[in-house]
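Peer 1: Encoded as structure tokens, here's the structure I'll be asking about.
All of the numbers you see were taken from the coordinates with simple rules; none came from a lab. Since the model is a prediction, treat every value here as computed from it, not as a measurement. Positions of Cβ are generated from backbone atoms using ideal geometry, with glycine treated the same way; all protein chains shown enter the neighbour counts.
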Amino acid sequence: MASELTTESYISHHLTNFTCGKTPDGWTCDPYKVDQMGFWAFHVDSLFWSIALGALFVFVFKKAISKNSDSSTTPSGMQNFVEMCIEFVEDNVQSLFGSVKNTLIAPLALTVFVWILLMNLMDLVPVDFLPVLAGHIAYALAGEGVEWIKSPESFYFKVVPTTDPNITLGMAFGIFLLTIYYSITVKGLKAFIAELTLHPFGKYLIPVNFVLEMVNFIAKPISLGLRLFGNLYAGEMIFILIALMLFFSSIPIGMLGFGLHLVWALFHILIVALQAFIFMALTIAYLAMAHETEEH
Amino acid sequence: MNINATLLAQAVVMIVFVAICWRYIYPPILSVMQEREKRISDGLEAAKKADDSLEEAKLAFDKELDQAKAEAAEILEKANNRASQIVSDASSKAEAEAEKILTAASTTIENETNKAKEELRQQMSDIIIDTTQKILGDEISKEKHEEILKKAAEEL
């Protein structure tokens, strides 16, 4: 990668994760051996940002109340913001979930919303800033000792976790597991299986019903994860393409690139918040469905 | 886009964060919010109650005030009556006393007058007898003409 910077290398550099995984020769983080890694590979950058932003969420929300945990004092600053978030989530849970009492749903929705919002917001950090910084840090730390870090540019670092399908599908998978858990515990295993097999054609076409319902059932988490991934990936992609205008074109087009960056960033704020909200709302909706006992 | 173990790791991370939020973050904030909500509604209710009781107190106060005024007026009237009665009593008593003193005085005056008259009469008869004796010599003595003298004194 130390070779000449081309459009193709620039884009692929931005779309490649820093991956550590198991190759036949053992564990390595060498980007040239990613092809040899099987399933047991981790996108360290995605997971790093995901955990860091999750920790930020926990820290901020914990701090907002531990400082001021009395109901008699007037809330101010961060506490107002935190309470606003919680009220927002409570309202949504209330409207989608109704009277069902489940103390997990609201915290889950809150976590999902704030966490995804933070991860999406990483998209608004200039596309080259963090990857280049990370490359230099990695190069400085590793020096000549690590053969695959030949220069700061040879270090891959993808910043926005939600542009990694593993992250979005991973969260969707977690929610999928919760859906199954609540379907079984609330409805009972029998009713859950009945729901999957006795619709829509009655008991004489159980295999057909099962296939249809299974598609329906599996499609939910996959669409949930891919929707978020697709939106953010596309947004990131456009940022990268706009950034290319600055690097590879004449001055007027470069100036246009600045303008487009601003416009797209402003528009992207909407997508960032909207996708976080959609993910949260669907999470609540799927879990509400898992609690629905009546036949539909 | 290659799916790998990152997916599982992310699912685990998510479960951990959701558990932290569920266990340590959400309930305290929510309880603070609900507590505050309750405090506010309690406060509003208390304010309403206070308003009501103020209204009540005002009514009671007005009633009490009216009653007190009425009582005061009554007491005043009674006092006035009593005062005028005392005054009239006193004046009638004084009049009676004056009358009494007056009668006593006039009786005394009459007695004195009578006494003086009697004395005068006595002295007159003595003077007359003296004079007459002097004129007539010893022809007429007091003892001899007691009868006549008495008659004359009565005529005086």
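Peer 1: Ignoring solvent entirely, what values of log10 I(q)/I(0) come out of the Debye formula for segment A:50-162 at 0.13, 0.20, 0.21 Å⁻¹ when each Cα is a single scatterer?
Peer 2: Each listed q maps to, in turn, -0.69, -1.08, -1.13.
Peer 1: Sort out for me the Cα centre separation of segment A:93-131 from segment A:199-273, rounded to whole Å.
Peer 2: That distance is 17 Å.
Peer 1: Give the lysines reachable from B:Lys93 as a straight Cα distance under 25 Å; neighbours fewer than 8 places away on the same chain don't count.
Peer 2: Reachable lysines: B:Lys78.
Peer 1: How large is Rg over Rh for segment B:49-107, taking Rg from the Cα atoms and Rh as the Kirkwood inverse mean of 1/r across Cα pairs?
Peer 2: Over the Cα atoms of segment B:49-107, Rg/Rh equals 1.61.
Peer 1: Here's something else I'd like to know. Test of the criteria: in segment A:201-289, which chymotrypsin sites (Phe, Trp or Tyr not before Pro) are in a DSSP loop and have at most 15 other Cβ atoms within 10 angstrom of their Cβ?
Peer 2: On the way: sites: A:Phe201, A:Tyr204, A:Phe210, A:Phe217, A:Phe229, A:Tyr233, A:Phe239, A:Phe247, A:Phe248, A:Phe258, A:Trp264, A:Phe267, A:Phe277, A:Phe279, A:Tyr286; in loops: A:Phe201.
When the chymotrypsin sites (Phe, Trp or Tyr not before Pro) of segment A:201-289 are filtered for loop state and at most 15 Cβ neighbours within 10 Å, A:Phe201 remain.
Peer 1: Right, another one. Could you give the radius of gyration (one decimal) and Dmax (whole number) of the Cα atoms in the protein assembly as shown, in Å?
Peer 2: Rg, Dmax (Cα atoms, Å): 58.8, 202.
Peer 1: Would you mind working out the magnitude of the charge dipole of chain A relative to its Cα centre, with +1 at each Lys and Arg C-beta and -1 at each Asp and Glu C-beta, to the nearest 20 Debye? Display every interim value, and only then the final one.
Peer 2: On the way: 13 positive and 23 negative charges, 122 e Å.
Magnitude of the dipole: close to 580 debye.
Peer 1: Oh, and also: Which listed residue (B:Val18, A:Thr179, A:Val211) has the Cα farthest towards the positive end of the charge dipole for the protein assembly as shown, taking +1 on Lys and Arg C-beta and -1 on Asp and Glu C-beta about the Cα centre?
Peer 2: The one lying farthest along the dipole's positive direction is A:Val211.
Peer 1: Let me ask something additional. Is there a quick way to get the dipole size of segment A:166-249? I mean about its Cα centre, with the Cβ of Lys and Arg at +1 and of Asp and Glu at -1; what is the value in debye to the nearest 20?
Peer 2: Dipole magnitude for segment A:166-249 comes out near 260 debye.
Peer 1: Follow-up question, since we're still on this one. With chain A treated as a Gaussian network of Cα nodes joined by springs under 10 Å, which of A:Met37, A:Met280, A:Met122 yields the largest mean-square fluctuation?
Peer 2: Residue with maximal mean-square fluctuation among A:Met37, A:Met280, A:Met122: A:Met37.
Peer 1: Using +1 at the Cβ of each Lys and Arg and -1 at the Cβ of each Asp and Glu in segment B:1-137, identify which of B:Leu136, B:Asn81, B:Leu44 lies farthest towards the dipole's positive end.
Peer 2: Projecting each Cα onto the dipole axis, the largest value belongs to B:Leu44.
Peer 1: Measure nothing but the geometry: give the 0 to 90° angle between the long axis through the Cα atoms of A:206-248 and the longest principal axis through the Cα atoms of chain A, rounded to 10°.
Peer 2: Compared with the principal axis, the helix lies near 30 degrees.
Peer 1: May I pose another question? With no other cysteine's Cβ closer than 4.7 Å, which Cys residues of the protein assembly as shown count as lacking a disulfide-compatible partner?
Peer 2: Cys with no partner Cβ under 4.7 Å: A:Cys85, B:Cys21.
Peer 1: Enter the Cα centre distance for the pair segment A:4-20 and segment B:1-54, rounded to the nearest angstrom.
Peer 2: The distance from the Cα centre of segment A:4-20 to that of segment B:1-54 comes to 42 Å.
Peer 1: With label points built 7 Å along Cα→Cβ from the Cα atoms of B:Tyr24 and A:Ile218, find their separation and express it in nm.
Peer 2: Each label point is offset 7 Å from its Cα along the Cβ direction, giving 3.8 nm.
Peer 1: If you don't mind, another one. Any idea how far apart B:Asp52 and A:Ile269 come out in nm if each label point goes 7 Å out from Cα toward Cβ?
Peer 2: 4.9
Peer 1: Only Lys, Arg, Asp and Glu count, each charged at its Cβ (+1, +1, -1, -1), so figure out the dipole size of segment B:13-155 about its Cα centre, rounded to 20 debye.
Peer 2: For this selection, approximately 1300 debye.
Peer 1: For the pairs A:Lys62/A:Lys101; A:Lys22/A:Lys150; A:Lys33/A:Lys150; B:Lys115/B:Lys150, flag any whose C-alpha to C-alpha distance is greater than 19 Å.
Peer 2: Violating the 19 Å Cα-Cα cut-off are A:Lys62/A:Lys101; A:Lys22/A:Lys150.
Peer 1: If you don't mind, another one. So, counting K/R as plus one and D/E as minus one, what does the shell of residues with Cβ under 12 Å around A:Val272 add up to?
Peer 2: The answer is -2.
Peer 1: Okay, next question. Counting pairs of Cα atoms in segment A:182-283, how many percent are more than 22 Å apart?
Peer 2: 56
Peer 1: At a Förster distance of 41 Å, what's the computed FRET efficiency of B:Glu154 paired with B:Ile101, Cβ-Cβ distance as r, to 0.05? Write out the running numbers ahead of the final one.
Peer 2: Working: r = 34 Å, r/R0 = 0.83.
Working from the Cβ atoms, E equals 0.75.
Peer 1: Report the one residue of A:Phe201, A:Asn80, A:Ser154 whose Cα lies farthest in the direction of the positive end of the charge dipole of chain A (charges on C-beta: Lys and Arg +1, Asp and Glu -1; origin at the Cα centre).
Peer 2: Final value for the positive-end residue is A:Phe201.
Peer 1: Where a Cα-Cα gap under 20 Å defines reach, which lysines qualify for A:Lys220, not counting those fewer than 8 residues away within the same chain?
Peer 2: Here the lysines satisfying the reach criterion relative to A:Lys220 are A:Lys187.
Peer 1: Would you mind getting me the FRET efficiency between A:Asp25 and A:Phe48? Use the beta-carbon distance for r and R0 = 22 Å, nearest 0.05. Don't skip to the end; give the middle numbers.
Peer 2: Details: r = 24 Å, r/R0 = 1.10.
Calculated transfer efficiency: 0.35.
Peer 1: Determine the principal axes of the Cα atoms in segment B:13-155, then give the extent along each, sorted from largest to smallest and rounded to whole angstroms.
Peer 2: 176, 23, 17
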